[in-house]
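A short reminder: the numbers here are calculations on the coordinates, not readings from a lab. Only a predicted model underlies this, so the values are computations on that prediction, with no experimental measurement involved. Counting neighbours? That spans all protein chains shown, and the Cβs are built from the backbone with ideal geometry, glycine included.
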């Protein structure tokens with residue numbers, strides 16, 4: 001909540017504040033139904049309190065739009081009741097009050113009052129636009145659900161897709177949705193238990209991660225506690241009982257807070273020192289992490305100062321006058337979290353050995369930490385706050401722009417039309433709770449924001465889209481790296497694209513094992529299953545400059561194998577579909593005289609797999625009919641992926657590439673994995689002028705000293 005709601009007795013204030021809010025909402029509901037209206041240009045009684053709260057954050061706000069929005073909403077919802085028995089208008093009033101308490105600006109509050117009118121009443125978007133403007137129309141439309149009658153089971157995922165796309169234009173859409181879900185969760189007790197559980201799961205998997213990414217901690221923490229109570233009632237009851245038992249006695253941190261106040265006063269640092277109790281889920285996590293909590297573990301010190309420099313001054317005093325717990329120090333001011341959060345975290349033992357955690361931040365940082373994007377105001381009017389103290393002052397940026405995680409999400413969701421797959425991928429994406437930033441070598445584009453654990457494959461698709469199908473390697477921090485290399489925050493990356501990929505160039509099946517993001521997994525899977533590629537995003541993401549085949553850093557330069565022109569396809573005939581376009585599958589790279597089968601894919605093309613290919617076996621098991629396929633000629637060019645297993649030794653890579661060149665093989669892609677117990681695995685994607693020479697080539701590779709096995713690619717999909 002806001003800074004003024006946090007103090008030494010925050011728990012008591014919170015409980016009292018919740019009771020007051022309930023009473024206020026009841027009063028608002030009665031005023032909405034029975035109370036007299038104010039004069040024509042005055043405020044109705046039902047929104048008088050909302051206006052007062054709003055003016056605390058925005059003293060010069062023009063609230064006539066709120067008056068008109070309330071009158072329209074009350075008229076439209078008149079006669080509708082919630083399942084709790086309350087007039088329906090109490091819901092938009094409650095949602096608007098939540099946002100007003102967090103400092104939302106007037107446009108957001110106006111849309112919040114109207115957020116259910118288009119969905120549940122006869123009011124149309126055209127009427128909203130005519131009465132309140134295009135911005136309010138966008139926000140209301142963004143949170144309006146799609147009809148189950150039209151979309152069936154896909155209604156929920158498609159509603160979230162629509163909402164996220166709208167959020168990409170204006171993040172205030174998601175602010176309203178989060179406040180809407182919070183009030184619904186507060187009143188969920190009237191629902192059937194199974195419906196409570198379903199709504200709680202969606203909240204846990206989608207809404208809470210979105211609240212975290214948008215930095216709206218005040219909403220996130222309450223949503224977490226409400227979800228925890230429904231999905232894990234026994235654990236919730238245990239943690240709650242521990243909190244109640246702790247609150248029944250004196251607060252051990254009071255003495256530490258007094259010591260800190262005295263130290264900062266003597267140092268000439270003006271600061272507010274308060275005790276911030278843990279909420280239920282925070283306590284539960286601390287118990288899981290530590291196995292138990294000491295006397296000071298039920299809360300943290302919150303220290304608020306005026307300037308950034310004062311934060312470090314406070315830190316210096318704490319670490320000088322107390323014994324710091326070095327492992328607990330984190331500087332999120334110098335390196336903010338990806339959700340705008342800025343603060344110093346530390347822990348120390350006082351003179352009596354009591355360990356206390358402390359959060360140190362400015363008042364402006366605290367406002368952002370609690371309200372996130374809501375505190376940043378209108379993203380379309382950056383630098384024009386409504387009033388002193390509104391978003392944009394105190395050195396904080398005025399608009400959040402579009403964060404990297406949202407750009408990634410909006411990009412890959414366009415590639416995944418299937419609602420079930422989108423829904424699964426969305427939850428997987430939101431489960432990634434940390435981000436890294438990697439930088440480009442030379443002129444290879446700007447920084448990339450990626451989820452922690454991302455690999456070079458993920459970076460390739462984030463940078464180049466469909467063109468990443470032709471990626472042949474990467475350089476990480478100046479050294480050649482395999483595509484499976486996991487990137488770290490601050491790494492410098494250069495992605496190497498094949499300058500002459502030929503028709504049908506595409507990813508290897510094992511790339512699915514390397515990819516962690518939907519932005520990479522979706523196009524890789526679609527390409528391997530034979531779906532035609534989408535147009536590359538060349539205007540938005542230009543390809544990297546052409547590069548040579550990567551070599552092992554320890555090996556001398558190998559002779560560059562001669563390139564051959566791509567073999568013309570089709571090299572196979574489809575007896576049951578003469579004239580159909582044919583593409584050889586990249587997951588198993590069939591060549592004559594392999595036994596093969598064909599599968600009809602999007603656009604009328606046929607993808608040819610080896611009969612033993614796991615992808616072909618899976619498609620057959622799923623009921624996909626196989627087409628009869630025969631080779632046009634036993635002597636045709638082909639593309640094939642080979643694995644070479646060897647013992648590590650100097651010059652091995654040079655000897656292998658020399659054997660490849662001697663047999664006329666063009667190396668399209670080469671990867672050398674780091675040695676493991678002196679064993680090295682090489683992966684080569686080759687183009688041969690004549691498939692009949694493949695057995696001779698594989699024998700020649702096995703004869704290279706140190707190589708003990710060479711095999712064709714046929715890895716199962718994950």
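Just a few scattered comments:
- Alpha carbon centroid spacing (whole Å) that separates region 653-681 from region 455-506: 19
- Estimated at 0.36 nm per residue, the fully extended path between residue 709 and residue 71 surpasses their Cα-Cα distance by 221.9 nm.
- Placing a pseudo-label 7 Å from each Cα along the Cα-to-Cβ vector at residue 439 and residue 576 gives an inter-label distance of 5.6 nm.
- Computed from the C-beta positions of residue 48 and residue 488 and an R0 of 45 Å, the FRET efficiency is 0.25 to the nearest 0.05.
- Sorted on the mean count of surrounding Cβ atoms within 10 Å across their residues, most packed first, peptides 239-252, 213-226 read 213-226, 239-252.
- Taking only the C-alpha atoms of region 77-172, Rg followed by Dmax gives 13.7, 37 Å.
- Largest-first principal axis extents, alpha carbons of region 434-528, Å: 35, 27, 19
- Nitroxide proxy distance, nm - points 7 Å out along Cα→Cβ at residue 617 and residue 194: 3.8
- With Cα atoms as the point set, the radius of gyration and Dmax of region 250-373 evaluate to 14.0, 41 Å.
- Inter-site label distance for residue 84 and residue 421 at 7 Å from Cα along Cβ, in nm: 4.2
- Segment residue 124-residue 626, length gained on full extension (0.36 nm per residue, minus Cα span): 175.7 nm
- Computed lengthening from residue 234 to residue 60, 0.36 nm per intervening residue step minus Cα-Cα distance: 57.8 nm
- Region 268-331 versus region 511-531: alpha-carbon centroid distance in Å: 43
- Our note on the geometry: Cα centres of region 204-251 and region 71-140, 28 Å apart.
- At R0 = 60 Å, FRET efficiency that the Cβ-Cβ distance of residue 692 and residue 266 yields, to 0.05: 0.10
- Scattering profile of region 572-712 at q = 0.09, 0.12, 0.18 Å⁻¹ [log10 I(q)/I(0), Debye over alpha-carbon scatterers]: -0.32, -0.55, -0.99
- Rounded FRET efficiency, nearest 0.05, which uses the C-beta distance separating residue 325 from residue 407 and R0 of 35 Å: 0.40
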